[in-house]
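Quick notes on the structure that follows.
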Amino acid sequence: MTLPLKYNVRNVFVRWRATLATVLGVALLVAVYILVQALAVGLEKNSANTGDPRNVMVVRKGSTSESSSLVSREHLRTLHYFPEIAVDEQRRPLLSADALTLVTLPRRAGGGEANVVIRGVSRKGLDLRPQVALVEGRWFAPGQREVVVSRRLAQRFKDFDLGDSFKAGPDSLRVVGWMDGQKSAFDSEVWMDADELRSLFDREDMYSSFLIRPRDETSRTNLIRRIEEDKRLQLRAFGEVEYYRSQTMTAAPIRWLGNFLASAMSIGAIFAAMNTMYAAVGARTREVGTLRVLGYRRRSVVAGFLIEGACLALIGGAMGCLLSLPMNGYATATIGFETFSETVFEFRITPWLMLKGMLFALIVGVMGSLLPAIRASRLPVILALKAV
């Protein structure tokens, strides 16, 4: 004989004072879990949203990112003559040699300092990245110590307003424009002329990477294989989108931290649920005895209390999801482990992440109700009926 579901649901609302603390505890637990996981999701989506599927990225073998890669002008001259590379109207190869460096700059409102990536690009580099658009001001002029900064970075760092100047190496650079990377990794960069950057930071013969546009998909496959197999070059080549998608090292520790915090906090939430359910068992001793006299089996009593715990947890989980939603799309930043620079991204609260939060809440509720439910089912019927 099974207990009707209506009985358990009504108990949740009738004894609302005793259950409110547990519901709020589960809600806060789920909200924290979702928000920390949303950080990792935001970082991963930020990297996955970067690049053009037609482009090929080339870095030095053994390097983990562009910032640790060094490729020479000799490499550049060799690649220029590869027939797989597309050409423009003037028959010049669609190839950009980029140079990256880090500078330490002050944040706005006394927020300390942080590293910022400055990317040196050529005119071809601008054409190969249609994802990046100028939103205010103008593009930099080569040889004039000018830069274009990400609009999102401009909101976080001093001296990034149009017309401002900031110190970089032995000279100062003037901001002449703002760009928008459409929520990609380019939103965390400052751009200037590649040759000027190499001159400014004494890197005359070295670049960080090459960005190439092959003629077609077949040429793309052949180009990657040719670069990888050429022992003289010692270079690695892969699709630009695949390269940025792989640059998610920063998300891993944040995801680990989220799981650790969730595990630690869930222990407290389970004990809180147990405390509430033990109190419910103590207050309903006669009720449990009456249910047993009416013919309900022990497993029905256990199932009833588990259902109550699950209801409490699901209510708390739903509240936690609602508490976390206002943070969806909120822009923040962290230190990227790939470049050790400021990485701008957004909280991304997805339906799948909310579903995981609800499932997590359900597990906490069931585990917190299990022992009290077993205790209730084992109460002697006579003693339960005599309880006041």
Restricting the stretch 182-209 to residues that are of a type in the set (Phe, Trp, Tyr) and within 27 Å of the chain's Cα centre (by Cα), the one nearest to Ser122 (Cα to Cα) turns out to be Trp191
Over the stretch 245-257, the set of residues crowded, with 20+ Cβ neighbours inside 10 Å and either at pLDDT 85 or above or small (Gly, Ala, Ser) (or both) is Ala251
Considering only residues that are in contact with a helix residue (DSSP H, G or I) (Cβ under 6 Å, 6 or more places away or on another chain), at pLDDT 85 or above and among the aliphatic types (A, V, I, L, M), look in the stretch 347-377 and name the one that is nearest to Leu39 (Cα to Cα). Ile349
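Any idea which of Ala280, Ala262 is touching a helix residue (DSSP H, G or I) at 6+ places or on another chain (Cβ under 7 Å), within 29 Å of Ile34 (Cα to Cα) and either modelled with pLDDT under 80 or part of a loop (DSSP other than H, G, I, E, B) (or both)?
Values: Ala280 fails: within 29 Å of Ile34 (Cα to Cα).
Matching residue, one of Ala280, Ala262: Ala262.
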Counting only residues that are in contact with a Leu (Cβ under 7 Å, 6 or more places away or on another chain), part of a loop (DSSP other than H, G, I, E, B) and not acidic (Asp, Glu), which one in the stretch 84-102 is surrounded by the most Cβ atoms within 10 Å (Cβ to Cβ)? Leu94
Hey, does the stretch 216-230 have a residue that's over 32 Å from the mean Cα position of the chain (by Cα), surrounded by fewer than 22 Cβ atoms within 10 Å (Cβ to Cβ), among the charged types (D, E, K, R) and not in a helix (DSSP H, G or I)? yes
If Phe82 satisfies all but one of (1) free of Cβ contacts under 8 Å to residues at least 24 places away in the same chain; (2) farther than 18 Å from Leu153 by Cβ; (3) out of contact with any strand residue (DSSP E or B) (no Cβ under 7 Å at 6 or more places or on another chain), what's the number of the condition it fails? (1)
Out of the stretch 126-160, which residues are of a type in the set (D, E, K, R) and part of a helix (DSSP H, G or I)? Asp127, Arg151, Arg152
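Can you confirm whether the stretch 201-212 contains a residue that is in a loop (DSSP other than H, G, I, E, B), within 19 Å of Ala333 (Cα to Cα) and modelled with pLDDT under 90?
Taking the stretch 201-212 and keeping what is in a loop (DSSP other than H, G, I, E, B), we get 201-205, 208.
If we keep only those that are within 19 Å of Ala333 (Cα to Cα) too, we end up with none.
No: zero hits.
Residue by residue, here is whether (1) over 21 Å from Leu94 (Cβ atoms); (2) small (Gly, Ala, Ser); (3) more than 23 Å from the chain's Cα centre (by Cα) holds:
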| site | (1), (2), (3) |
| --- | --- |
| Arg107 | yes, no, no |
| Glu113 | yes, no, no |
| Lys124 | no, no, yes |
| Pro130 | no, no, yes |
| Arg138 | yes, no, yes |
| Leu162 | yes, no, yes |
| Val176 | yes, no, yes |
| Asp180 | yes, no, no |
Testing Val344 on (1) out of contact with any Lys or Arg (no Cβ under 8 Å at 6 or more places or on another chain); (2) at pLDDT 75 or above; (3) outside any helix (DSSP H, G or I), one condition comes back false. Which one is that? (1)
Residues of the stretch 145-190 being surrounded by 15 or more Cβ atoms within 10 Å (Cβ to Cβ) and of a type in the set (Lys, Arg), which ones? Arg145, Arg151, Arg152, Arg156, Lys158, Arg174, Lys183
Determine, yes or no, whether Leu312 is modelled with pLDDT of 70 or more, out of contact with any Asp or Glu (no Cβ under 6 Å at 6 or more places or on another chain) and either in the same structural domain as Leu28 (by TED's automatic domain parsing) or assigned to a helix (DSSP H, G or I) (or both). yes
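The values are calculated or read from the model by the stated rules, or taken from the named source; none is laboratory data. The model shown is predicted, which means the values in this text are computed figures rather than measured ones. Ideal geometry is used to build each Cβ from the backbone, glycine not excepted, and the neighbour counts take in all protein chains shown.
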